[in-house]
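Structure record follows, encoded as structure tokens.
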Amino acid sequence: LDYAGAVERAIRRAGIPAAYSEGFNPHMKLAFASALAVGVTSTSEYMDVELAESYSLSCFTQLLEQALPKGIRLKRAVYKDPADKKALMALVERASYRIILPSGFDKDAIKKAIASFEAELNVVIWKETPKSRKEVEVKQYMAAPIRFVEGERDELLMDILITQQGSVKPEQILRALYDSFGFPIEVETVQIERTGLFCRRGGKWTALIA
């Protein structure tokens, strides 16, 4: 919500003629692809904004870049086909994440925990909301095996499916690794970054906006 509010305020500051809904409490016609969890950074967020009049992409890009706060950068703007009524949120089917690990942990223990997780056909966690608590089988949402990448900063790479039936968050996978498979690093000590949002086109995974 803070991110959405920051973008909306930037559009207003830039003087871009955004369209608004009608009624007693009009809202800017602005929509985002997939909500980002609190504390997670991202290099690949998408938004739709409807304009009230024709506007050049170069002006839109220049003005919005100048109005955005530090930490939010506009990477690209494209026109959307008016005939395409499908919401961005409905297009997203997969998300990729990069988890930066703190240093000083046993790499063999990390590899062993991941191997044990991948060897299981089913991994069940408790998923809690303010109103409910239910069991969720998480392996059904893993689009690819977890990869451990060693480097100056060791990383885990995860690809998670987003379906109409639901999904899981990378921190829930990390908690399952820690609680059940001997992963030596607590969730609160890692940095999580979303690196991509994808959909299926022609039987292949492609970026949401190619």
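The values are calculated or read from the model by the stated rules, or taken from the named source; none is laboratory data. From a predicted model like this one, the values you see are computed outputs, not experimental measurements. For neighbour counting, all protein chains shown are included, and Cβ atoms are generated from backbone atoms with ideal geometry for every residue, glycine included. Just the protein is used for accessible areas: all its heavy atoms, side chains included, with ligands, DNA and RNA removed. Shrake-Rupley method; radii C 1.70, N 1.55, O 1.52, S 1.80 Å.
Can you name the residue in the range 8-26 that is open to solvent by 30 Å² or more (accessible area, probe 1.4 Å) and out of contact with any helix residue (DSSP H, G or I) (no Cβ under 9 Å at 6 or more places or on another chain) and is also farthest from LEU51 (Cα to Cα) among such residues?
Initially, the range 8-26 is screened for residues open to solvent by 30 Å² or more (accessible area, probe 1.4 Å), giving 8-9, 12-13, 15, 20-26.
With out of contact with any helix residue (DSSP H, G or I) (no Cβ under 9 Å at 6 or more places or on another chain) added as a condition, the list becomes 8, 20-26.
On the way: GLU8: 13, TYR20: 9, SER21: 11, GLU22: 14, GLY23: 18, PHE24: 20, ASN25: 18, PRO26: 14 Å.
So the residue we want is PHE24.
Tell me whether the range 166-188 contains one or more residues that are within 19 Å of the chain's Cα centre (by Cα) and among the aromatic types (Phe, Trp, Tyr).
Kept after step one, since they are within 19 Å of the chain's Cα centre (by Cα), are these residues of the range 166-188: 166-175, 187-188.
Those left that are additionally among the aromatic types (Phe, Trp, Tyr): none.
Looking through the range 166-188, none of the residues is within 19 Å of the chain's Cα centre (by Cα) and among the aromatic types (Phe, Trp, Tyr).
Being out of contact with any strand residue (DSSP E or B) (no Cβ under 8 Å at 6 or more places or on another chain) and free of Cβ contacts under 8 Å to residues at least 60 places away in the same chain is the filter; apply it to the range 112-127 and report the residue that is surrounded by the fewest Cβ atoms within 10 Å (Cβ to Cβ). Before you say what the answer is, go through the steps one by one.
Filtering the range 112-127 down to residues out of contact with any strand residue (DSSP E or B) (no Cβ under 8 Å at 6 or more places or on another chain) leaves 112-113, 115-121.
Next, from what is left, pick out any that are free of Cβ contacts under 8 Å to residues at least 60 places away in the same chain: 115, 118-121.
Working: ALA115: 13, GLU118: 13, ALA119: 8, GLU120: 13, LEU121: 6.
The residue in question is LEU121.
Can you tell me how many residues in the range 129-156 are of a type outside the set (Phe, Trp, Tyr), under 21 Å from the mean Cα position of the chain (by Cα) and surrounded by 11 or more Cβ atoms within 10 Å (Cβ to Cβ)? Outline the logic, then answer.
Residues of the range 129-156 that are of a type outside the set (Phe, Trp, Tyr), as a first pass: 129-140, 142-147, 149-156.
Filter again for under 21 Å from the mean Cα position of the chain (by Cα), leaving 129, 136-140, 142-147, 149, 154-156.
Applying the additional criterion that residues be surrounded by 11 or more Cβ atoms within 10 Å (Cβ to Cβ) yields 136-140, 142-147, 149, 154-156.
So the answer is 15.
Exactly one condition in (1) assigned to a strand (DSSP E or B); (2) of a type in the set (Asp, Glu); (3) loosely packed, with under 13 Cβ neighbours inside 10 Å is false for ASP159; which is it?
(3)
Identify, by number, the condition in (1) over 23 Å from GLU93 (Cβ atoms); (2) surrounded by 12 or more Cβ atoms within 10 Å (Cβ to Cβ); (3) in contact (Cβ under 8 Å) with a residue 24 or more places away in the chain that PRO69 doesn't meet.
Of everything listed in (1) over 23 Å from GLU93 (Cβ atoms); (2) surrounded by 12 or more Cβ atoms within 10 Å (Cβ to Cβ); (3) in contact (Cβ under 8 Å) with a residue 24 or more places away in the chain, PRO69 misses just condition (2).
If we scan the range 119-134, do we find a residue that is within 30 Å of LYS75 (Cβ to Cβ), touching a helix residue (DSSP H, G or I) at 6+ places or on another chain (Cβ under 6 Å) and not in a strand (DSSP E or B)? First the steps, then the outcome.
Here is the first cut: in the range 119-134, the residues within 30 Å of LYS75 (Cβ to Cβ) are none.
No - not one qualifying residue is present in the range 119-134.
As an exercise: evaluate ALA109 against (1) open to solvent by less than 50 Å² (accessible area, probe 1.4 Å); (2) closer than 29 Å to THR206 by Cα; (3) hydrophobic (A, V, I, L, M, F, W, C) and give the number of the one condition it does not meet.
Condition (2) is where ALA109 drops out.
Hey, could you check the range 183-210 for residues that are in a loop (DSSP other than H, G, I, E, B) and open to solvent by 50 Å² or more (accessible area, probe 1.4 Å) and say which is nearest to TRP126 (Cα to Cα)? Step through it out loud before you land on a result.
The initial filter retains those residues of the range 183-210 that are in a loop (DSSP other than H, G, I, E, B), namely 183-186, 190, 202-203, 208-210.
After this cut, where a residue has to be open to solvent by 50 Å² or more (accessible area, probe 1.4 Å) as well, the list is 186, 202-203, 209-210.
Numbers: GLU186: 17, GLY202: 35, GLY203: 33, ILE209: 34, ALA210: 36 Å.
If we take residues in the range 183-210 being in a loop (DSSP other than H, G, I, E, B) and open to solvent by 50 Å² or more (accessible area, probe 1.4 Å), then GLU186 is nearest to TRP126 (Cα to Cα).
Just give me the residues in the range 57-103 being acidic (Asp, Glu) and in contact with a Lys or Arg (Cβ under 8 Å, 6 or more places away or on another chain), in sequence order. Can you show your working first?
Step one: of the range 57-103, the residues acidic (Asp, Glu) are 65, 81, 84, 93.
Passing the criteria: GLU65, GLU93.
Can you tell me which of VAL38, VAL78 is open to solvent by 60 Å² or more (accessible area, probe 1.4 Å) and within 27 Å of THR206 (Cβ to Cβ)? Can you show your working first?
Working: VAL38 fails: within 27 Å of THR206 (Cβ to Cβ).
Only one candidate qualifies: VAL78.
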